[in-house]
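Q: My structure is below; once you've seen it, I'll send some questions.
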Amino acid sequence: MFRIVLTVLAFSLFHVDVLAADAQRGKQAAIEHCRRCHVILGENNMSIGNSPSFKSMVQSKAEDWRYKFEVFYALRPHPSFVIIREFRTSPEFPLGITPVVLAMQDLENLMAYIDQLAGELRK
């Protein structure tokens, strides 16, 4: 929890120019980076182990479902392989782990895609 608070605080302290969020680019980022572990609605049908699908996460009854998407990079297991280009240096990766490198713009686009999915699925 402390790591999440520090990460959110760090993002709020630094100004990063971000263009308007683009849901289609967010979907492309999800397909490129997230589908290796998660099922992306309409794109793939298999996930790794107990990795939840985007659909199940968006349809979650939990009140903080959207917040968990906003800070996913700070929630386990993501910190071990996700790098936010503007704020984090590369950690040592175990052999065979390919890091996911995202920019702040990618995060904004992913959230636009998630909001679009929520509009379709949370009726």
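Throughout, read-outs are computed from the coordinates displayed, never taken from laboratory work. These figures come from a predicted structure and were not determined experimentally. A quick note on method: Cβ atoms are made from the backbone with ideal geometry, for glycine too, and the neighbour counts reach across all protein chains shown.
Q: Starting from the amide H of Val101, placed 1.01 Å from N in the peptide plane, find each other amide H under 5 Å away whose residue is 5 or more places distant or on another chain.
A: Residues meeting the amide H criterion: Ile83.
Q: Run the simple label-point estimate for Glu86 and Asn50 please: 7 Å along Cα→C-beta, distance reported in nm.
A: Those two pseudo-labels are separated by 3.4 nm.
Q: Put a dot 7 Å past each Cα toward the Cβ at Leu121 and Glu70; how far apart are the dots in nm?
A: Roughly 1.9 nm, to one decimal.
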